[in-house]
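To start, the structure itself, in structure tokens.
Derivation of every value follows stated rules applied to the coordinates shown; laboratory data play no part. These numbers come from a predicted model, not from an experiment. Using ideal geometry, Cβ is built from the backbone for each residue, glycine included, and neighbour counts are taken over all protein chains shown.
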Amino acid sequence: MSDPERAMLLSVHPRFATAILAGTKTIEVRRQRVAAPPGTPVLLYATAPTMAIVGMARIASVQVVSPREVWLASRTSAGISRREYDEYMSGANQASGLSLEEPMTFEAPVPLAALRASGSFHPPQSYRYLTGEDLRKVAEAAPVTGAALQDALNNLALA
């Protein structure tokens, strides 16, 4: 079970956010070690031109191994070509494959402008962890999504 006071904010290109939320991309790859336990909620921040938190999912598992091993395990679920993967992983000694489940698209995305208006918010280059206070600020930034976000976080924490 995850810590209900901690979630991950994951920056992804809009096409990957769309694929994750559609359930066609179930593995997200990262060049660095990710140490998040199964059940951790993941908020998906879609980068430019979207620039908004568009939905969420939950980590089912994390595999931290060589880039080659991550590719072999995730090539059909990562939503990228081998060429894109090799370019992204160039020079990396290890990689993380985050298996994502239970994707949920927010009815109203939380735009960057609203996130910044609720406090100093900076989307991460790759990912960062959010505290309960950070999550409350995100929920306050978009009243329409806020209630759905809180319900989803509560459901994920109880699962």
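So how much slack lies between Arg83 and Arg15, counting 0.36 nm per residue of separation and subtracting their Cα-Cα distance, in nm?
Details: separation 68, 0.36 × 68 = 24.48 nm, distance 1.68 nm.
Separation in residues times 0.36 nm, less the Cα-Cα distance, equals 22.8 nm.
Report the gain in length on full extension from Ser120 to Gln32: 0.36 nm times residue separation, minus Cα-Cα distance, nm rounded to one decimal.
Numbers: separation 88, 0.36 × 88 = 31.68 nm, distance 2.54 nm.
Value of the extension gain: 29.1 nm.
Can you give the charge dipole size of region 1-121 about its Cα centre, rounded to the nearest 20 debye, using +1 on the beta carbon of Lys and Arg and -1 on the beta carbon of Asp and Glu?
On the way: 12 positive and 10 negative charges, 63 e Å.
For region 1-121, the charge dipole is close to 300 debye.
Assign one of three labels to region 1-79, namely rounded, prolate or oblate, based on the Cα gyration tensor with a ≥ b ≥ c the square roots of its eigenvalues; rounded applies when a/c is under 1.5, prolate when it is not and a/b is larger than b/c, and oblate otherwise.
On the way: a/c = 1.75, a/b = 1.11, b/c = 1.58.
In terms of gyration-tensor shape, oblate.
Can you list the HN-Hα couplings for region 33-42, worked out from phi with the Karplus curve (6.51, -1.76, 1.60; θ = phi - 60°), rounded to whole Hz and with x for Gly and Pro?
Coupling constants for region 33-42: 6, 10, 10, 10, x, x, x, 5, x, 10 Hz.
Given R₀ = 30 Å, what would the calculated FRET efficiency be for Ala48 paired with Gln94, taking r from the Cβ atoms and rounding to 0.05? Walk me through the numbers on the way to the answer.
Working: r = 28 Å, r/R0 = 0.94.
Computed FRET efficiency for Ala48 and Gln94 comes out at 0.60.
Cβ neighbours within 10 Å, averaged per peptide: list 48-54, 37-43 in order, most packed at the top. Write down the numbers at each step before the final one.
Numbers: 48-54: 17.7, 37-43: 20.4.
So the order, starting with the most tightly packed, is 37-43, 48-54.
Taking the highest mean first, how do the peptides 79-90, 107-118 order by number of other beta carbon atoms within 10 angstrom per residue?
Working: 79-90: 13.5, 107-118: 16.4.
The most tightly packed comes first, giving 107-118, 79-90.
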